[in-house]
Amino acid sequence: METLTGTIRPAAEDAPIGELTGHVVDVSGLCVTVDGLASFTAVGDQIRIRTLDGRDILAEIIAFRHGQALAMTYESIEGIGAGCPVFHELHGQGRQGLSGGLAVNESWIGRVVDPMGQPLDGRGPLLPSAARQQRHARPPEAAGRARLGARIDLGIKALNLFTTCRQGQRLGLFAGSGVGKSTLMGMLARETACDVTVISLVGERGREVREFMEDDLGPEGLAKSVLVVATSDSSALMRREAAYSAMAVAEHFRNQGKSVLLLMDSVTRFCQALREIGLSAGEVPATRGYPPSVFATLPRLLERAGPGALDEQGQAGQMTAFFSVLVEGDDQNEPVTDTVRGILDGHVVLERSIAESGRYPAINVLRSLSRSVPGCNSESENELTVRARRLLAQWDEVRDLVRLGAYKAGNDPEADLAVQLGPQLEEFLIQKKTERVSLEDSFAGLRELLSQGERVEAHPA
């Protein structure tokens, strides 16, 4: 009897046991004020608002003020007026969980879904699943998480060499608009050695979603990917949930022991959605218009990526993550950029001047770093990349003198070698978006290039 009771209780607790009813008293901007639910609901609960034309609109409670609930809708607020009825389901546990969960399973791979888990690709429904993956979950306990795994082959020379990445590492892609960020993420999705790729397009232009799928991602990338999409015309809640849902999908596959690659584009638009929600709730704008809750929410999302919790055998899945940050005004010290850089395990800087010179990917290797280096590379590989960085830095200092004809060879052997090898190194870092270069080939190519320079230095003409 005891076993039977334990089996039935979870289902009974999750079943709805009643429905509360309130009504709309005010609609202002993006916010709807609801009366009659304050004593039985909490921030994050979902409610249904019945519009004047009889439609039900899903909304979420974001704050309380003077005994009334403030809510935002997941779609347009058109049709909502004063007096519209509002409904909230009561469950066995007394309230509905925060934003529900997703029925993630293997049928999601190769599909495009919205933040609520509804397919967007016209290929029919997803297979049902009894298990639910919570969108707003906590990160694994710090002391119970696995360590970073072996280094992962990203298939891109500049990243393999100068920001070598390990399984479970989290890096930021910092770039202004129009410098090849989406193309680089498409290359990562296609070429990274992983089991599953989860891609979150937060606030993406609707026109560019299909272009990203067909041109940047391609059939081979899509075949092992799950895309979670909320376009720029979506509500702030839907754009926020695009990030949370993608994280939940990636966690599901990580919990199965798989190596998962999470690509999120972009954290900046996620923060802009949080700003809209916070300001609508009455928060005071602080740093560049962002309310304080934005910077409290960021680490709670980003910390969920990385190694999973250790199981009884001491094993865990890995979630390697790249979070793109749209650097406003190319200012690397703007608040979102600065906050994300401090949370993650490394950063990759894409620079407009490099893109304008025609070198793609437009990665500034001197300003990019991975915090897992030098521990994941051999001593000889570390010496190789340090040598290449030093030459590139020296070349960056003297290139203007060379162009003006003011550089005089023979005064500094290191600078002379940089003048010789700097352009070759930059040429070496160019990679077509359809090209894949493995970790081994990346280091072999750099070793060959630098050894040529050493031979010329040892035997000058």
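The values are calculated or read from the model by the stated rules, or taken from the named source; none is laboratory data. Keep in mind it's a predicted model, so treat the numbers as computed, not measured. Counting neighbours? That spans all protein chains shown, and the Cβs are built from the backbone with ideal geometry, glycine included. What goes into the accessible areas is simple: the full protein's heavy atoms, side chains included, and nothing from ligands, DNA or RNA. Shrake-Rupley method; radii C 1.70, N 1.55, O 1.52, S 1.80 Å.
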- [ ] Could you work out the mean projected area of the convex hull around the alpha carbons of the stretch 285-405, in square nanometres to one decimal?
- [x] 11.2 nm²
Open item on the list: Give me the extension gain from S293 to E356: residue separation times 0.36 nm, minus the current Cα-Cα distance, reported in nm with one decimal.
Closed with: 19.0 nm
TODO: Could you check the simple spin-label distance between R132 and E211, using points 7 Å along Cα→Cβ, in nm with one decimal?
DONE: 3.9 nm
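Using only the Cα atoms of the chain, construct the convex hull and provide its projected area averaged over every direction, in square nanometres to one decimal.
Average projection, Cα convex hull of the chain: 26.7 nm².
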Open item on the list: Can you work out the Karplus-derived ³J(HN,Hα) for every residue in the stretch 247-262? Use 6.51 cos²θ - 1.76 cosθ + 1.60 with θ = phi - 60°, whole Hz, and x for glycine or proline.
Closed with: 5, 5, 4, 5, 5, 4, 6, 5, 5, 7, x, 8, 8, 10, 10, 9
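Per residue, what accessible area does the chain have, given a 1.4 Å probe and all protein chains present, in Å²? Don't jump to the answer; show the numbers that get you there.
Details: 20560 Å² over 461 residues.
Accessible surface, normalised per residue, equals 45 Å².
Taking 0.36 nm per residue of separation and subtracting the Cα-Cα distance, what length does fully extending R399 through E106 add? Intermediate values should be presented prior to the final figure.
Values: separation 293, 0.36 × 293 = 105.48 nm, distance 5.23 nm.
Using 0.36 nm per residue and subtracting the Cα-Cα distance, I get 100.3 nm.
Treating only the Cβ atoms of Lys and Arg (+1) and Asp and Glu (-1) as charged, compute the dipole magnitude of the stretch 92-245 about its Cα centre; round to the nearest 20 debye. Each step should come with its number before you reach the end.
Working: 20 positive and 16 negative charges, 133 e Å.
Using only the charged Cβ atoms, the result is roughly 640 debye.
Evaluate the charge dipole of the stretch 212-295 about its Cα centre and quote only its size in Debye, nearest 20, assuming +1 on the Cβ of each Lys and Arg and -1 on the Cβ of each Asp and Glu. All intermediate terms of the calculation are to be shown ahead of the outcome.
Working: 8 positive and 10 negative charges, 71 e Å.
Its charge dipole is roughly 340 debye.
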TODO: Would you work out if the stretch 119-173 is rounded, prolate or oblate? Take a ≥ b ≥ c from the square roots of the eigenvalues of the alpha-carbon gyration tensor; rounded if a/c is under 1.5, else prolate when a/b is larger than b/c, oblate otherwise.
DONE: oblate
Task: For the stretch 110-175, with +1 on Lys and Arg beta carbons and -1 on Asp and Glu, the positive-most of Q169, L148, L120 along the dipole - done: L148
TODO: Between R447 and N382, with labels modelled 7 Å along Cα→Cβ, what's the label distance in nm to one decimal, could you check?
DONE: 1.7 nm
Open item on the list: Using the basic label-point model (7 angstrom from Cα toward the beta carbon), what is the E328 to V284 distance in nanometres?
Closed with: 2.0 nm
Open item on the list: Can you tell me the orientation of helix 2-14 relative to the chain, as the angle in degrees between its alpha-carbon axis and the longest Cα principal axis, to the nearest 10?
Closed with: 90 degrees
Task: Prolate/oblate/rounded call for the stretch 131-203, Cα gyration tensor, a/c under 1.5 rounded - done: oblate
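What's the extension gain from S232 to V27 if we count 0.36 nm per residue and subtract their Cα-Cα distance?
On the way: separation 205, 0.36 × 205 = 73.80 nm, distance 2.26 nm.
Separation in residues times 0.36 nm, less the Cα-Cα distance, equals 71.5 nm.
Let me spell out the model: positive unit charges on the Cβ of Lys and Arg, negative unit charges on the Cβ of Asp and Glu, origin at the Cα centre of the chain. What dipole size does that give, in debye rounded to 20? Could the numbers behind the result be given before it?
Working: 48 positive and 61 negative charges, 57 e Å.
Magnitude of the dipole: close to 280 debye.
What does the convex hull of the Cα atoms of the stretch 249-313 come to per residue, in Å³, rounded to a whole number?
Per residue, the Cα convex hull of the stretch 249-313 comes to 102 Å³.
With a 1.4 Å probe and every protein chain kept in, tell me what percent of the accessible surface of the chain is carbon plus sulfur.
Numbers: 10510 of 20560 Å².
C and S fraction of accessible area: 51 percent.
What does the helix-only formula give at 222 nm for the chain: each DSSP H stretch with n ≥ 4 adding -39500 (n - 2.57), the total divided by the residues, and the result rounded to the nearest 500 deg cm²/dmol? Show your work: numbers first, answer last.
Values: 13 runs with 162 residues, N = 461.
Value at 222 nm, helices only, nearest 500: -11000 deg cm²/dmol.
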TODO: Please tell me the relative contact order of the stretch 333-422 in percent, rounded to the nearest whole number, where contacts are Cα pairs under 8 Å and at least six residues apart.
DONE: 20 percent
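So how do 167-176, 120-129 stack up, highest first, on mean other-Cβ count within 10 Å? Provide the component values of the computation, followed by the final result.
Working: 167-176: 24.6, 120-129: 11.2.
Put in order of decreasing packing, that is 167-176, 120-129.
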Task: Rg over Rh, two decimals, the stretch 327-371 (C-alpha only, Kirkwood Rh) - done: 0.99
Task: Gyration tensor over alpha-carbon atoms, the stretch 212-339, equivalent ellipsoid semi-axes in Å - done: 28, 19, 14
